[in-house]
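The values are calculated or read from the model by the stated rules, or taken from the named source; none is laboratory data. Because the structure is predicted, anything quoted here is derived from the model rather than measured. Backbone-built Cβ (ideal geometry, glycine too); neighbour counts: all protein chains shown.
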Amino acid sequence: MTNHRDVWVFIEQEMGGVAAVSLELLSKAKDLSAALNSRVCALLCGHEVAHLTERLIQHGADHVMLADCPELAEYRTLPYARVAIDLVRERRPYIFLLGATPVGRDLAPRIASAVRAGLTADCTSLEIGDFERGGRTYKDLLYQIRPAFGGNVIATIVNPEMHPQMATVREGVMRLDEPDPTRTGTVERIEPRFQKGDMALQVLKREIRTPECDLKHADIIVAGGMGVGSRENFKLIYELAHVLGAEVGASRAAVDAGFISHEHQVGQTGVTVRPRLYIAVGISGSVQHRAGMDQSGKIIAINNDPNAPIFQIAHYRIVGDLNEVVPRMIRAYRDNAK
Ligand code: FAD
């Protein structure tokens, strides 16, 4: 049974687990479907992934559409898109959410263009609300909210006519609710109808690189910016991070200057972080850098400019030259740890 107000979530799975962003989207979909009085439907594609359906239900899915076959063992654009597009055409969900991951960014525009739906990338907030145009009121649309024009405005985007209303959201942006083992839901097996050209791409070999750092789950982050001055001087940031047992982050300017690799970038076009402690060293604190950081614990900022914007959000402000302040912090921590 389909409901024309259903909220769908595309579930990303990899090596036997569900991607965190998909669980976060289920949490958000629960809120949206409550406002719409509809259901949360999860679309799970893969091979031998039926054991994941229970987890999806516990995290908020009322109904799981399970496409489980060898052709879907690894992510490939055409077979995955075939399954999603056929289902969307047949059932016309009201909302369809995907993670803003490499897979989601590949799949979402394909689905949207095939079914002629609107799509907003990298939303930072999603809400249900009304929209008026030309004397007509469109009830209960999806407000797709995201920074625009270099972060200078927060835009609310709506698709009044063309549904599903599609959006991608990056990992770590939406709250992840605890699973509820008492929740119940239904599982429906989907039989994909692949076409000949769908299998044009063969995966011959996969290589998975272990990431250098895990900013997303870090409790403490020490991040360096342009003020650090050079790749060589970033060793100060690494040293402070080391004594604190922290991950190393960076501003985009520091990444662009080649001080450190992109994996360490914090912010709108990097990783959204929510550590318990964030130490910003030589970082001015642009809106793009701070994107999503509002739910962090304490922020310590070290900057030689007392008017640096980072001080507006910092809980502890240290005005001074980082080349003096950071070595003193390292010494103090080592002395106290003895
Ligand atoms: P700067 O702005 O140059 O600041 C350096 C700071 O170091 C200054 O405040 C200075 O007072 C201080 N300083 C200098 N020397 C010392 C010293 N010796 N001791 C102490 N302090 C010192 N940025 C991000 O970080 N992440 C993103 O994801 C991101 N995405 C973006 C997306 C878009 C669409 C756009 C347009 C921009 C984005 N940016 C992003 C860039 C952002 O706007 C800023 O340009 C960038 O964050 C600035 O980095 P910074 O603070 O390291 O450098």
Could you say which residue among 224, 229 is modelled with pLDDT of 95 or more and over 19 Å from residue 333 (Cβ atoms)?
229
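Here's the yes/no breakdown for (1) more than 17 Å from residue 168 (Cβ to Cβ); (2) in contact with a helix residue (DSSP H, G or I) (Cβ under 8 Å, 6 or more places away or on another chain):
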{"site": "31", "(1), (2)": "yes, no"}
{"site": "39", "(1), (2)": "yes, yes"}
{"site": "56", "(1), (2)": "yes, yes"}
{"site": "65", "(1), (2)": "yes, yes"}
{"site": "82", "(1), (2)": "yes, yes"}
{"site": "96", "(1), (2)": "no, yes"}
{"site": "104", "(1), (2)": "no, yes"}
Might you let me know whether the range 297-318 holds any residue that is within 9 Å of the ligand (Cβ to nearest atom), touching a residue at least 40 places away in the same chain (Cβ under 8 Å), closer than 27 Å to residue 123 by Cα and of a type in the set (A, V, I, L, M)?
no
Residue by residue through the range 1-45, note down the ones that are of a type in the set (Asp, Glu) and either closer than 17 Å to residue 91 by Cα or not assigned by TED's automatic domain parsing to the domain that holds residue 101 (or both).
6
Reported set for the range 66-81 where residues are hydrophobic (A, V, I, L, M, F, W, C) and over 12 Å from residue 111 (Cα atoms) is 66, 67, 69, 72, 73
Every residue from the range 117-137 that is in a strand (DSSP E or B) and exposed (fewer than 13 other Cβ atoms within 10 Å of the Cβ):
130, 132, 133, 136, 137
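With the requirement that a residue be assigned to a loop (DSSP other than H, G, I, E, B) and at pLDDT below 95, what does the range 316-338 give you?
Looking only at the range 316-338, we keep the residues that are assigned to a loop (DSSP other than H, G, I, E, B), and these are 320-321, 338.
Residue satisfying the conditions is 338 alone.
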Taking the range 128-150 and keeping residues in contact (Cβ under 8 Å) with a residue 24 or more places away in the chain and within 17 Å of the chain's Cα centre (by Cα) leaves 144, 146, 147
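Results for (1) touching a Gly at 6+ places or on another chain (Cβ under 6 Å); (2) of a type in the set (D, E, K, R); (3) exposed (fewer than 15 other Cβ atoms within 10 Å of the Cβ); (4) more than 30 Å from residue 175 (Cβ to Cβ), shown as yes or no for each residue.
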| residue | (1), (2), (3), (4) |
| --- | --- |
| 287 | yes, no, yes, no |
| 291 | yes, no, no, no |
| 312 | no, no, yes, no |
| 316 | no, no, yes, no |
| 321 | no, yes, yes, yes |
| 337 | no, no, yes, yes |
